[in-house]
Amino acid sequence: MALAKDYDSVMGRSNDIMKEALGLDYKEFESGSVAFDYEALMKSTGYTLEEVAKIQSRTAVGNTPLIELRNISALARKYAKPGYGARIFAKDEAANASGSFKARRAACAVAHAKKLGYKGVIAATSGNYGAAVASQAAMQGLKCIIVQECYDSHGVGQPEIVEKARKCEAYGAEVVQLTVGPELFYTFLSILEDTGYFNASLYSPFGIAGIETLGYEIAMQCREIVGKDPEMVVCTNAGGGMMTGTARGLIKAGATDTKLVAASIDLTGLSMASDVQFNKKSCTTGHTGFGVPYATDPDHSDVPRSAARPLRYMDRYVTVKQGDVMYATEMLANLEGLERGPAGNTALAAAFSLAQELPEDAVIVISETDYTGAGKHIQPQLSFARDNGIDIYFGDPNAEDMPGVNVVLPKDPSYIKAIDADLNHFRQSLIKKSCKKHGVTNPSEADLKFLAEETKTDVEFVKKTLGL
Amino acid sequence: MVKKGEWVRIHAVVLKADERTGKIPEDTKKCDLEMWTKGTLLADAEIGDEVEVETAVGRIEKGTLIEVHPYYTHSYGKFVPEIIEIDKQLRAIMGGDR
């Protein structure tokens, strides 16, 4: 008898569908309380860093150039006190097959799906990851479906997302496009169930293991080019995978003194599930609308336990404004001859400001660039914003920016400022949410230790947060 | 008439507005959850008919036929004068010492 495919029936089978679609039973990592064995989950991939690198090298992924942004560094020094203004380097991840670092995640996930005998892969993503999975599926001979949140209720699509759909189709994938709303997960599960394909989730351990090579390469390339580890690595932060994987790779390379900074575009006040506000955004990723909820509650993704747990690694979390990123994108094109992003340039805008805090011989690496295309470029994004009634003008982004109302372009580069978010607040939020989710009021020693690891703090911090 | 075998785009309502889950903003709750995909038309039909298509991966999907030979219209956008201003400013600041 055919299974009932209504919303409640499909969602009710969620755990079984997931287990089938990941080839992994998350129960074996659970303690039954707040804690779970994160490192065992990561080890469950069965791939070492060397093996991951080998998989990637077969599919045109990895070993991307580390480029010194000399002119942007020189520009930053004009606004720093004498002797300050670090050297800024960019990891040119646009050079990966499919044009972004997401190819690293996809290469591993698709190779693993193939090894387990799945006929196809599915991913729920409106971003670069869709193109990455589609590209890898094409290379490795699997079928591919990408499920996108793309349109508002008037059928108007975000230009960046429409471009991603085009790119996925160029690689032979089917793209299922939806209007705004979290019930995308229902459609995603339903197709997973019907096709029996692999869930190439952004948040699986295979995906995150794929990013570790990025951190490892950054350390190795810095040692070769400047003879030391970078003082700081800045990661554009949305779902937290970039931060998690890069940090793990740096640690595996022994670069344990490097400070890890997450950077997101400040979209405070815009609801990610709002039909009306969907097209009021002038960027579709790398923003706080994803960055904050995924950092403070990593397990609300499309897998039972996310392998992306950025607060385990983050030393600082800074925000920039949409206008800063648009300006930084023009800097990269005009001063360095690199047309990239804008999506990955959130970290660049932040690094431009952070460089001014560090001495001239310090090294800051931004962990990615990504490709530019029709729709995925500052002109269509700003022109789309203007058509949607967003006010675009030059001013002081930090004083005047209102997400969904305006895009304030910095009136000169001195107005590009990375603003520190309250990291301890996010850590406390994660601790409280974890306990609440598991109905735990009296956490065990193991839970306390786990939460300290989850937040890069100590047991005392966790206890204090919980009023113990 | 659209012939069987043509590449088309279809549209379907996945959830009607009143079937949507509780945890979404009020404005979204008022809208249907809609879906679009593309595929090869499996039988002759007219625009607006309920049809079946075979998608790129070989899935059979049902929906309303809305477009034949669908193509992309996204672009590099209209002229945004502020971009020229940024470029001029960057050249002016960096002019002498590049």
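Residues in region A:171-208 that are small (Gly, Ala, Ser) and more than 30 Å from A:Gly12 (Cα to Cα): A:Gly172 only. Scanning region A:285-303 for residues that are aliphatic (A, V, I, L, M) and either crowded, with 24+ Cβ neighbours inside 10 Å or under 24 Å from A:Met326 (Cβ atoms) (or both) yields A:Val292, A:Ala295. Every condition in (1) under 21 Å from A:Leu192 (Cβ atoms); (2) within 9 Å of chain A (Cβ to nearest Cβ) is met by B:Pro25 except one, and the failing one is (1).
Every condition in (1) part of a helix (DSSP H, G or I); (2) out of contact with any Ser or Thr (no Cβ under 8 Å at 6 or more places or on another chain); (3) more than 8 Å from chain B (Cβ to nearest Cβ) holds for A:His154 except the one numbered (1). Has region A:76-92 got any residue that is touching a Ser or Thr at 6+ places or on another chain (Cβ under 8 Å) and in the same structural domain as A:Thr125 (by TED's automatic domain parsing)? No; the residues of region A:76-92 include none that is touching a Ser or Thr at 6+ places or on another chain (Cβ under 8 Å) and in the same structural domain as A:Thr125 (by TED's automatic domain parsing). Quick one: in region B:70-93, which of the residues that are at the interface with chain A (Cβ under 8 Å from one of its Cβ atoms) and closer than 21 Å to A:Gln177 by Cβ is surrounded by the fewest Cβ atoms within 10 Å (Cβ to Cβ)? So the residue we want is B:Tyr72. The residue that is surrounded by the fewest Cβ atoms within 10 Å (Cβ to Cβ), among those in region A:178-212 that are within 10 Å of chain B (Cβ to nearest Cβ) and closer than 24 Å to A:Phe101 by Cβ, is A:Leu184.
Are any residues in region A:118-151 part of a helix (DSSP H, G or I) and either within 19 Å of the chain's Cα centre (by Cα) or in the same structural domain as A:Gly341 (by TED's automatic domain parsing) (or both), and if so, which ones? Across region A:118-151, the qualifying residues are A:Asn128, A:Tyr129, A:Gly130, A:Ala131, A:Ala132, A:Val133, A:Ala134, A:Ser135, A:Gln136. In the set (1) surrounded by 24 or more Cβ atoms within 10 Å (Cβ to Cβ); (2) modelled with pLDDT of 95 or more; (3) farther than 30 Å from A:Phe36 by Cα; (4) touching a strand residue (DSSP E or B) at 6+ places or on another chain (Cβ under 6 Å), A:Val226 fails one condition alone, (1). In summary, A:Ile431 fulfils each of the numbered conditions (1) crowded, with 21+ Cβ neighbours inside 10 Å; (2) in contact (Cβ under 8 Å) with a residue 40 or more places away in the chain; (3) in a helix (DSSP H, G or I); (4) of a type in the set (A, V, I, L, M, F, W, C) with the single exception of condition (2).
Residues in region A:229-243 that are touching an Asp or Glu at 6+ places or on another chain (Cβ under 9 Å) and under 20 Å from A:Gly286 (Cβ atoms) were compared, and the one that is surrounded by the fewest Cβ atoms within 10 Å (Cβ to Cβ) is A:Met232.
The values are calculated or read from the model by the stated rules, or taken from the named source; none is laboratory data. Quantities reported herein were computed from a predicted structural model and do not represent experimental measurements. Cβ coordinates were reconstructed from backbone atoms using ideal geometry, including for glycine residues, and neighbour counts include every protein chain displayed.
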